[in-house]
Amino acid sequence: MREIYRRLAHSPGSSLTALGVLLTVATGVLFFVAAEARYADRIAAAKSDALSFANILAEHTVLIFDDVDRALGRAEAIRRASLEGRFDSAAANAALRQLQKTSSVIIAMGWADASGQVVAHSYDQAPPRFDVSDMPHFIAQRDSADDRLFIAPPSRSVADGKWFTAASRRLSNADGSFAGVVTALLDQSYFTKLYRSIDLGKSGTIFLMHREGRLLARQPEDKEAVGKSLADAPLLARYLPVSETGAYEATSVVDGVARIVGYKAVPGLPLAVAVTYARSEVLAPWWQNLYTSGLFVAVFLAIMLSGSFLLVRRTNALARTNARFDVAINNMSQGLCLFDADKRRVISNSRFQTMHGLPYELVVPGTPLRRILQHYADRGEAGDITIDQGLELIAAQPRVNCERADGRVIDIQRTATPDGGWVATHEDITVQRRAEQMLAEKAAELEATNLRFDAALNNMSQGLCMFDAEQKVVVSNARYGEIYQLSRDQTKPGTSLRQILEYRREQGTNFGVAPDTYLTQNVKAAQEVQELADGRVVAIARHAMPNGGWLTTHEDITDRARNEKRIAFMAQHDLLTGLANRALFSEKLEDAVKRLQRHGTSFTVLMLDLDKFKSVNDTLGHAAGDQLLVEVAQRLRTSIRDIDVLARLGGDEFAIIQENEKSQVEGAVALALRIIGRIERPFDLGGQQVTVGTSIGIAFAPEHGTDAEALLHKADLALYAAKSGGRNAFRVFQPALTEAADIQRSMEGELRDALARNEFELHYQPMVDTRAGRIFGVEAFVRWHHPSRGLLAPDRFLPLAESTGLMLPLGEWILRQACLDAAAWPPHIRIAVNVSAVQFGGGNLFDLVLGALVDSGLSPLRLELEIADTSLLQKDQTEHLATVRQLKNLGVSIVLDNCGAGYSSASYLTSFPFDKIKIDKSVAQGFASRRDCAALVASVLALTRGLDIATAAKGIESSTQYEALLAAGVDYAQGYLFGRPVPHSELDLDAVIVSARNVA
């Protein structure tokens, strides 16, 4: 819009345009002002008429209700006559009927007593209702002290459903108390008939409403509207509370028509009359006038504007022609001037003025050339010639170069005109002259630069070659030829890429890509890595050029590629065994899940864990352990197919993904049995024969799930079950394993709180001296009084305590409690307490034992610490031996527990100062029936006699077992045959064991 104003302001016909527009706007404004005035007059007249009608109808309504009030007065007189005995009931009713007929608005009359029962009425038959105590008019008169006329809101008749209004007065006794009401029921349609005679146009309305909000009558009649509440309408909500009479505009809440309303509150009554005109009817003549006169004004304005713009258009056409000429010459890069035959300026452009630094008064038309030359002379730029000489030379020289004082060079060319004048162009060629000088200097620099470029190009570590749009060499360096073993002649400019590929094929440095494919596809890649026929690897980068060619760099990355492959392999493989690691196994497992989801391909996950690996690692060293893992990995490789996935997840834990088996279950079981069979064969570790086993957990997909993590977890649960069930076996996942794992997790939290809640209790089992035939001591066993699972044996929670780090505080409690209990027993009774590997590893076992003895007052000579052989299979055997010797020096007896069940060897018996060796339950029970157990017991007894160490057998449950061990020479015995572990309160320490028969 601003641009339009600007253009109009600078237009030659702008004054004509402004005048035409001004007249047009003035005419339009006058037209709309007049229309607005007529509009306001129509609305004001309608409001005045509506208000006049409303006032008249309100006065008429007062007269109607005065008649009704007089009728109520007569009815009250009839009641008094009836009370005086002058009328009986029938006569009173007849008199009321006669009175009702005198009124055109009353449809029924009567009175009721103080209880609301109708006493007399004007009905021909029985009235619709005899009890009016709940009617609004009765309630209002009963609760009022005045006997004024009361107009009730409209109500619906119970007889015919028609609307009526009740006018009533209070009846009072002589003492002023309430005696009843006299009532006249009014026909609301009377008002509708009355209003129908008034002409308000097609859409005009009249309505009578109660100030309580409901409509009594409306013309035109609307049965749905009568009785409707209009409490929220503008009349009641906004105007009547402010003024008893007035006019306004609003949209009707009854029919939704925009109306002009005049209203009047009926004096002395709770009524209001409103008269409305439809706004559209009121403004219809205004609109008709607006359309008629508006069309005439529009035609007049169109003619006026057209004439104005036609005149302006012709004026501007000539101005535009001149403007285009001015733009053309003033946008020339050269200065231009035209002189006539009298050597006066006719025209010149702005470039001429700025080029020569002339003031405005010297470039106006008619300026003599002499004045311009005088200006040069005043500035000292005239040179050695006079002004007159300058005038003669200018006319005689068609072209001349002038050098200005500021160093600029101006090239002037003059052309004669037919009238004797001339036109001249002036061009500043200072930059051109300087460019010519610089061009010569740059040529020398370019030659030096090219020499440096060649040196830099040929000393790059990368090969470089530029091709044009036709795939021909533009330039290449020596390194490019070296990489592909090409001569300079074979890579000279103009050689095609196809020819270079042929040369490389001959040299054996070609790629494994067909030439046509390379020329059409590979050359479009921004980067690629290719392997040459001789095994080298080259990285190629291409940069496209605007002319369709490209620049390539070639780098021999053979060493880097090999290192990257090695690093990539190391990132996904176990460095010791060369198997896939956990990360690669997880990827393969996810791939198997995706194939299952897409194609329904089932697969099996097997988790493997070596049995007895830790003992190998601890006894033979890490090097032997690593060698064992390598050989296990090799045996596992030979057990699976090429399509199966084998991985080492960490430590001695392996995993397998088995896929595409005809029978998933049979294939998994066969593989598990094959692995168990191969792993249990002895391994030769540097001359040492080692036998280990493997436990395997199996999970099937999709039977056990389709989530990778869940399958791995379920296989791990099955593996744990296999290890718990005896090792060197396999287990297939069962849902019960998950439940067991959940129970274990739950028990872990409960176990942490058990010590604080004092839920543990010690039970004691007798240990018998076989020679004396009596109890010489007891062994302490811990029990857990679980809040919901009852009394739990040690095997239900001690493994969990060891795995969660709770064994240290629990072991300390067991030791202290056992010492406290034993301190109260006879002095010849000894107490045996088991010490776990975790307690040995804690580093403070001696301090704990010493503290328990001091706090309880128990003699160290009565305390036996039973140490399982597995507790000694640790890397810090020297430290453990020092701890055992400290305890021995204190007087505590050291017992090697579970001999024959683990990894006991003669080296432990000679290295550690044991006082007693306890033969394991499995060996003691099999002594009388198994040759291997008998041989083991005989070996132990022979060894202990030589070392002067006592022996004890545990787990004896029958007299046969006891007699056999007694005959073999076992010193001490323990088992259910002599008594089960019992609480402290039930322990009998005075029992005498005479012989096996007595025991039995």
Legend entry - Cβ-Cβ FRET estimate between S197 and R80, R0 fixed at 35 Å, reported to 0.05: 0.35
Inset, instruction - Run the numbers on region 746-986 and let me know its relative contact order in percent, using alpha-carbon pairs under 8 Å that are six or more apart. - result: 20 percent
Inset, instruction - Obtain the radius of gyration and the Kirkwood radius of region 777-852 from its C-alpha atoms and give Rg over Rh. - result: 0.99
Legend entry - At 0.692 mPa s and 37 °C, Stokes D of region 630-770 from Kirkwood alpha-carbon radius, µm² per second: 184 µm²/s
Legend entry - Charge dipole (debye, nearest 20) of the chain; +1 at Cβ of Lys and Arg, -1 at Cβ of Asp and Glu: 2800 debye
Inset, instruction - State the three equivalent ellipsoid semi-axes of region 746-986, derived from the C-alpha gyration tensor as the square roots of 5 times its eigenvalues, in descending order and whole Å. - result: 28, 21, 18
Inset, instruction - Provide the per-residue ³J(HN,Hα) series for region 537-543, in order, calculated from phi with Karplus coefficients 6.51, -1.76, 1.60 and θ = phi - 60°, each as a whole number of Hz, with x at glycine and proline positions. - result: 10, 10, 9, 10, 10, 10, 10
Legend entry - Cα-based equivalent ellipsoid of region 104-173: semi-axis lengths in Å, sorted from largest, via gyration tensor: 19, 14, 12
Legend entry - Where labels lie 7 Å past Cα in the beta-carbon direction, separation of S663 and D255 in nm: 9.4 nm
Inset, instruction - Sort 460-472, 355-367 for me by packing, meaning the mean count of neighbouring Cβ atoms within 10 Å per residue, highest on top. - result: 460-472, 355-367
Legend entry - the chain, helix-only ellipticity at 222 nm - DSSP H runs n ≥ 4, -39,500 (n - 2.57), divided by all residues, nearest 500: -14500 deg cm²/dmol
Inset, instruction - Assuming R0 = 22 Å, can you tell me the calculated FRET efficiency for the pair R38 and S306, based on Cβ-Cβ distance, to the nearest 0.05? - result: 0.15
Legend entry - Residues of type aspartates and glutamates that K594 reaches as a straight line, Cα spacing below 15 Å, ignoring anything fewer than 8 places off in the same chain: E659, D707, E709
Legend entry - Of the GluC sites (Glu not before Pro) in region 59-92, those whose Cβ has at most 14 other Cβ within 10 Å and which sit in DSSP loop: E84
Inset, instruction - Using only the Cα atoms, work out Rg/Rh for region 276-321, with Rh taken as the Kirkwood radius, to two decimals. - result: 1.45
Legend entry - Estimated translational D of region 168-291 in µm²/s (Stokes, Kirkwood radius over Cα pairs; 25 °C; 0.890 mPa s): 151 µm²/s
Inset, instruction - Kindly list the residues of region 793-819 that lie in the label zone of N844, defined by a backbone N under 17 Å from the point 7 Å along the Cα-to-C-beta vector. - result: 805-817
Inset, instruction - Could you bin all the Cα-Cα distances of region 69-190 into 5 Å bins starting at 0 and give me the percent of pairs in each, rounded to whole numbers? - result: 2, 12, 24, 27, 22, 11, 3, 1
Legend entry - Nearest-10 value in Å² for the accessible area of H375, using the 1.4 Å probe: 40 Å²
Inset, instruction - Just need log10 I(q)/I(0) for region 238-337 at q = 0.11, 0.15, 0.21, 0.25 Å⁻¹, Debye formula, equal scatterers on the alpha-carbon atoms, no solvent, rounded to two decimals. - result: -0.65, -0.83, -1.06, -1.21
Inset, instruction - Sticking with the crude label model, points 7 Å out along Cα→Cβ, report the distance from S115 to H599 in nm, one decimal please. - result: 10.0 nm
Inset, instruction - At q = 0.07, 0.09, 0.10 Å⁻¹, work out log10 I(q)/I(0) for the chain with the Debye formula, treating every Cα as an identical point scatterer and leaving solvent out; two decimals please. - result: -0.83, -1.14, -1.28
Legend entry - Mean accessible surface per residue for the chain, computed with a 1.4 Å probe while every protein chain stays in place, in Å²: 51 Å²
Inset, instruction - Using DSSP, restrict attention to beta bridges with both residues in the chain and report what percent are antiparallel, rounded to the nearest 5. - result: 85 percent
Legend entry - For region 340-432, radius of gyration divided by Kirkwood radius, i.e. Rg to Rh on alpha-carbons: 0.92
Inset, instruction - For region 885-899, just list the computed ³J(HN,Hα) in residue order, Karplus coefficients 6.51, -1.76 and 1.60, θ = phi - 60°, integers in Hz, with x standing in for Gly and Pro. - result: 5, 4, 5, 4, 4, 6, x, 6, 7, 10, 10, 8, 9, 6, 5
Legend entry - Anchor K343: aspartates and glutamates whose Cα lies under 18 Å away (excluding residues fewer than 8 positions away in-chain): E361, D388, E392, D419
Inset, instruction - Take the Cβ-Cβ distance between R434 and D326 as r, set R0 to 35 Å, and report the resulting FRET efficiency rounded to the nearest 0.05. - result: 0.65
Inset, instruction - Place +1 on the Cβ of every Lys and Arg and -1 on the Cβ of every Asp and Glu in region 746-986, take the dipole about the Cα centre, and give the residue among L865, L762, L848 whose Cα lies farthest towards its positive end. - result: L865
Legend entry - Accessible surface of region 69-190 [probe 1.4 Å, protein heavy atoms]: carbon and sulfur percent: 50 percent
Inset, instruction - For region 488-615, would you read off the P(r) tail past 26 Å as a percentage of all alpha carbon pairs? - result: 51 percent
Inset, instruction - Give me the compactness ratio for region 813-865, meaning the Cα radius of gyration over 2.2 N^0.38 Å. - result: 1.08
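The values are calculated or read from the model by the stated rules, or taken from the named source; none is laboratory data. This is a predicted model, so every value here is computed, not measured. We place every Cβ from the backbone using ideal geometry, glycine too, and count neighbours over all the protein chains shown. Heavy atoms of the whole protein, side chains included, go into the accessibility calculation; ligands, DNA and RNA do not. Shrake-Rupley method; radii C 1.70, N 1.55, O 1.52, S 1.80 Å.
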